[in-house]
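Novice: The structure is given below, and queries will be raised subsequently.
The values are calculated or read from the model by the stated rules, or taken from the named source; none is laboratory data. In this text, all values refer to a predicted model and were calculated from it rather than measured experimentally. Cβ atoms come from the backbone with ideal geometry, glycine included; neighbour counts cover every protein chain shown.
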Ligand code: NAP
Ligand code: F7E
């Protein structure tokens, strides 16, 4: 019998990579998408077939803020594995909509876990919760499973609730539930307002079309960036382990936002130079100012330095990433150029 997976957050970056990975593993994949006024399934359109034809991929309308929809979908699908990747996942935006962020990103997890109990399937289903390095926040790197949590945003705090409610339901009700504590992971499918994709899109537009200018916030935050393709494999591996546990997933290296810009320029074969300091810092290409700082992209509280130690996952799950920072940048730049070229045909 084929295994059935249910993915909340199917329309996001990780949802798309995980669905493709599980389909290759011969799973039947069900995804939950929320209703929106414009289509939001672009990332999975390539695997979506007419449901009247033979397919292993199905989409259902639902919302993590709506307990009834969560309960009904789980009851209907009876999945072997549930992956909760759904969230209001933008750290900056979480300062603008903290209550909404808590409702989706914290209480959404409770709604899934409680549906599992209500349906009395706690001994049949495995649960993955998408935790984040943002829970470490101000704690010094390198961060591992034993590092103290010190979140610095409404998003990080909502995720911390999800982390502990997952631990609590595992201990109280014996649910096979795992928290993946994933450090930043990117890809050509990354949301356009996260810094790596914003940089790649902005610079490709400037260099290929001679158009536009990039406005950024804190260039000196350090992040541990990996590739989403590698990180979704770790999610699956956690649910195949003998015991349900929590794992840090990271590359173990950190770079500044400014260094990421330099790598993208290198990949594009372009030389830029920097001038000025603080809010007046600017980047130039052929004497043209192409990057400036805009205060609006600074956060009320910043997470300055993240770098994970994922030795537990590497040892116990035998997880090893295929990508490094350079292959990540290469993949993102190549796909962006392909997109621009397709649009101009
Ligand atoms: P993403 O691209 O922002 O995707 C988030 C997904 O959640 C989207 O499918 C979104 O739907 C869905 N969603 C939002 N609100 C919802 C609601 N009320 N009900 C149901 N679904 C809802 O995020 P990602 O980068 O793929 O990350 C996946 C998960 O891992 C998220 O939980 C994120 O917080 C977490 N995480 C990400 C990283 C990272 O670096 N990428 C690191 C650690 C943890 P729409 O498409 O309709 O918006
Ligand atoms: O910011 C700085 C910003 O928004 C990275 C989410 O997937 O990873 C992500 O959260 C850094 C921050 O990612 C801009 O201040 C500078 O220091 O790409 P980001 P994030 O906040 O690290 C974690 C692990 C998650 O769990 C989250 O869901 O870049 N930065 N200038 C900027 N950031 C943005 N977005 N835009 C700028 O213009």
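Novice: Residues that are over 15 Å from residue 199 (Cα atoms) and within 13 Å of ligand 2 (Cβ to nearest atom): does the stretch 330-341 have at least one?
Specialist: Checked against the condition, which is being over 15 Å from residue 199 (Cα atoms) and within 13 Å of ligand 2 (Cβ to nearest atom), the stretch 330-341 yields no hits at all.
Novice: Could you check residue 256 against (1) surrounded by fewer than 18 Cβ atoms within 10 Å (Cβ to Cβ); (2) more than 20 Å from the chain's Cα centre (by Cα); (3) near ligand 2 (Cβ under 10 Å from one of its atoms) and say which number it fails?
Specialist: (2)
Novice: Could you please find all residues in the stretch 176-185 being more than 8 Å from ligand 2 (Cβ to nearest atom) and surrounded by 22 or more Cβ atoms within 10 Å (Cβ to Cβ)?
Specialist: Residues satisfying the conditions are 177, 178, 179, 180, 181.
Novice: Same structure, new question: Would you check which residues across the stretch 159-196 are within 30 Å of residue 335 (Cβ to Cβ), assigned to a helix (DSSP H, G or I) and more than 10 Å from ligand 1 (Cβ to nearest atom) and list them?
Specialist: 195
Novice: Can you name the residue in the stretch 270-296 that is within 30 Å of residue 182 (Cβ to Cβ) and loosely packed, with under 15 Cβ neighbours inside 10 Å and is also farthest from ligand 1 (Cβ to nearest atom) among such residues?
Specialist: Selected residue: 295.
Novice: Restricting attention to the stretch 47-62, does a residue exist that is closer than 28 Å to residue 135 by Cα and assigned to a loop (DSSP other than H, G, I, E, B)?
Specialist: yes
Novice: Could I ask something else about it? Consider residue 105 against the criteria (1) surrounded by fewer than 17 Cβ atoms within 10 Å (Cβ to Cβ); (2) part of a helix (DSSP H, G or I): it satisfies all of them except one. Which criterion is unmet?
Specialist: Checking residue 105 against (1) surrounded by fewer than 17 Cβ atoms within 10 Å (Cβ to Cβ); (2) part of a helix (DSSP H, G or I), the one that fails is (1).
Novice: Report yes if residue 290 is touching a residue at least 12 places away in the same chain (Cβ under 8 Å), under 23 Å from residue 90 (Cα atoms), outside any loop (DSSP other than H, G, I, E, B) and in contact with a strand residue (DSSP E or B) (Cβ under 9 Å, 6 or more places away or on another chain), otherwise no.
Specialist: Numbers: touching a residue at least 12 places away in the same chain (Cβ under 8 Å): yes; under 23 Å from residue 90 (Cα atoms): no; outside any loop (DSSP other than H, G, I, E, B): yes; in contact with a strand residue (DSSP E or B) (Cβ under 9 Å, 6 or more places away or on another chain): yes.
For residue 290, the condition - touching a residue at least 12 places away in the same chain (Cβ under 8 Å), under 23 Å from residue 90 (Cα atoms), outside any loop (DSSP other than H, G, I, E, B) and in contact with a strand residue (DSSP E or B) (Cβ under 9 Å, 6 or more places away or on another chain) - is not met.
Novice: Between residues in the stretch 77-102 that are over 25 Å from residue 6 (Cα atoms) and touching a residue at least 12 places away in the same chain (Cβ under 8 Å) and residues that are more than 13 Å from ligand 1 (Cβ to nearest atom) and outside any helix (DSSP H, G or I), which pairs lie under 7 Å by C-beta distance while being six or more apart or on different chains?
Specialist: So the pair list comes out as 91/299; 92/299; 95/299; 95/300.
Novice: Additional query: Would you confirm, using the coordinates I've provided, whether residue 261 is part of a strand (DSSP E or B) and in contact with a strand residue (DSSP E or B) (Cβ under 9 Å, 6 or more places away or on another chain)? Before you say what the answer is, go through the steps one by one.
Specialist: Values: part of a strand (DSSP E or B): no; in contact with a strand residue (DSSP E or B) (Cβ under 9 Å, 6 or more places away or on another chain): yes.
So residue 261 fails the test.
Novice: Across the stretch 124-139, which residue is farthest from ligand 1 (Cβ to nearest atom) among those that are under 19 Å from residue 110 (Cα atoms) and assigned to a loop (DSSP other than H, G, I, E, B)? First the steps, then the outcome.
Specialist: Taking the stretch 124-139 first, the residues under 19 Å from residue 110 (Cα atoms) are 124-132, 135.
In the following step, the residues that additionally are assigned to a loop (DSSP other than H, G, I, E, B) were identified as 124-125.
Details: 124: 23, 125: 18 Å.
Checked the stretch 124-139; the qualifying residue farthest from ligand 1 (Cβ to nearest atom) is 124.
Novice: From the list 85, 59, pick out the single residue that is in the same structural domain as residue 116 (by TED's automatic domain parsing), more than 29 Å from residue 153 (Cβ to Cβ), within 15 Å of ligand 1 (Cβ to nearest atom) and touching a helix residue (DSSP H, G or I) at 6+ places or on another chain (Cβ under 8 Å).
Specialist: 59
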